[in-house]
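Report on the following structure.
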Amino acid sequence: MARGSRLSLVVEGLYVVGSMPVLYSSSDDAFIVADIHLGFEEAMASQGAFLPRLQLRRALKVLSEARGIVEARRVIVNGDIKHSFEKLLKQERVEVREFIVKLQEMGFKEVIVVRGNHDNYVGHLLKELGVVFVEDLLDLGGGVRVTHGHLDLEPRADVTIIGHEHPAIQINIGGSKVKLQALLLIPTILSTRILVLPALGEYQTGNVVQPDRDKFLSPMVRGYAVVDGIEPFIVDRSLGVIRLPELRSLYEGT
């Protein structure tokens, strides 16, 4: 991928927008993002860790900048629009509402949320706001499906887009180890592919990917991935979008 490309092809019809954790589906004219975790700061405050409230601001900024590159018609949030498992926190309620309203004000004609494992107690609010709330799996047609990744489903579609993993790659730059957000393209034993999105949340900086299937969170990846054949794509504002060698090559000799 050339540095500075505004659209970087991952697979046919699916592109990284700018150097941001936003996937664009040209056939559906839709942005696909995952793992925003609105309300994270309130949840951390309840545990004594007080963080600046950045999640909502960052998500809106990224999607606004992405729309400056491609005027997509709709946004698909592939799970974990909110953070708390146990309830709908006050901050979550306020920020989910503001997030949806701001997207509508930006000009997006439709917002769809696919349920993630954190998205309990939010369905009624989303429906009030005119958002389509999909319980398990969204079929985009053309051999592409969207599901969060926490469910034990077979990746039968040509490409199954998931989140859940918050993937990152650790590389050496100037003698120092640096962790960078990544998108993963994973071949499966079914001769299909799983595409794992980087997290959109500011504080969800990523879990370093290992060439060990048991280290992955998603039962879909653990059950069906050809781990050695995983292709990571660095997605970074400074470095751009960089397609790396297959995962096994990155760990050879380490």
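The values are calculated or read from the model by the stated rules, or taken from the named source; none is laboratory data. Not measured: the values here are computed from a predicted model. Quick reminder, even Gly has a Cβ in these numbers, built from the backbone with ideal geometry, and neighbours come from all protein chains shown.
Scanning the range 77-102 for residues that are among the aliphatic types (A, V, I, L, M) and either touching a residue at least 60 places away in the same chain (Cβ under 8 Å) or buried (at least 24 other Cβ atoms within 10 Å of the Cβ) (or both), which turns out nearest to LEU197 (Cα to Cα)? If you could, list the steps in order and put the result at the bottom.
Filtering the range 77-102 down to residues among the aliphatic types (A, V, I, L, M) leaves 77, 81, 88-89, 94, 96, 100-101.
Among the residues that remain, those that are also either touching a residue at least 60 places away in the same chain (Cβ under 8 Å) or buried (at least 24 other Cβ atoms within 10 Å of the Cβ) (or both) are: 77, 81, 96.
Numbers: VAL77: 11, ILE81: 14, VAL96: 20 Å.
Of everything passing the filter in the range 77-102, VAL77 is nearest to LEU197 (Cα to Cα).
Restricted to the range 66-117, and to residues that are part of a strand (DSSP E or B) and hydrophobic (A, V, I, L, M, F, W, C), which residue is nearest to the chain's Cα centre (by Cα)? So that I can check it myself, show each step before the final result.
Applying the first criterion (part of a strand (DSSP E or B)) to the range 66-117 yields 74-78, 82, 110-114.
Among the residues that remain, those that are also hydrophobic (A, V, I, L, M, F, W, C) are: 75-77, 111-114.
On the way: VAL75: 12, ILE76: 10, VAL77: 8, VAL111: 15, ILE112: 14, VAL113: 12, VAL114: 12 Å.
Residue satisfying both the conditions and the ranking: VAL77.
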Review point. Among the listed residues GLY175, GLY149, which satisfies the condition of being among the small types (Gly, Ala, Ser) and surrounded by 15 or more Cβ atoms within 10 Å (Cβ to Cβ)?
Key: GLY149
Practice item. Search the range 39-56 for residues being farther than 20 Å from PHE99 by Cα and part of a loop (DSSP other than H, G, I, E, B), and hand back the single one that is farthest from the chain's Cα centre (by Cα). Key: GLY48
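Within the range 129-164, can you find the residues that are small (Gly, Ala, Ser) and either farther than 18 Å from ALA30 by Cα or in a loop (DSSP other than H, G, I, E, B) (or both)?
Residues of the range 129-164 small (Gly, Ala, Ser): 130, 141-143, 149, 157, 163.
Once the filter is applied, which keeps residues that are small (Gly, Ala, Ser) and either farther than 18 Å from ALA30 by Cα or in a loop (DSSP other than H, G, I, E, B) (or both), the range 129-164 yields GLY130, GLY142, GLY143, GLY149, ALA157, GLY163.
Is it true that some residue in the range 17-32 is part of a loop (DSSP other than H, G, I, E, B) and more than 30 Å from PRO187 (Cβ to Cβ)? First the steps, then the outcome.
From the range 17-32, those part of a loop (DSSP other than H, G, I, E, B) are 18-22, 26-29; that's our starting set.
Still in the list and also more than 30 Å from PRO187 (Cβ to Cβ): none.
Within the range 17-32, not a single residue is part of a loop (DSSP other than H, G, I, E, B) and more than 30 Å from PRO187 (Cβ to Cβ).
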Check your understanding: Within the set of pairs 6+ apart or on separate chains, which have a first residue in the range 155-173 that is at positive phi, a second that is surrounded by fewer than 21 Cβ atoms within 10 Å (Cβ to Cβ) and of a type in the set (A, V, I, L, M, F, W, C), and C-beta atoms under 8 Å apart?
Key -> HIS164/LEU217
Point to revise | The listed residue being surrounded by 22 or more Cβ atoms within 10 Å (Cβ to Cβ), among the charged types (D, E, K, R) and touching an Asp or Glu at 6+ places or on another chain (Cβ under 6 Å), out of ARG193, ARG115 | key: ARG115
Revision key, fill the gap. Taking the range 218-240 and keeping only residues that are at pLDDT 95 or above, within 19 Å of the chain's Cα centre (by Cα) and either part of a strand (DSSP E or B) or surrounded by fewer than 18 Cβ atoms within 10 Å (Cβ to Cβ) (or both), one is left with PRO219, ARG222, ALA225, GLU231, PRO232, PHE233, ILE234, VAL235
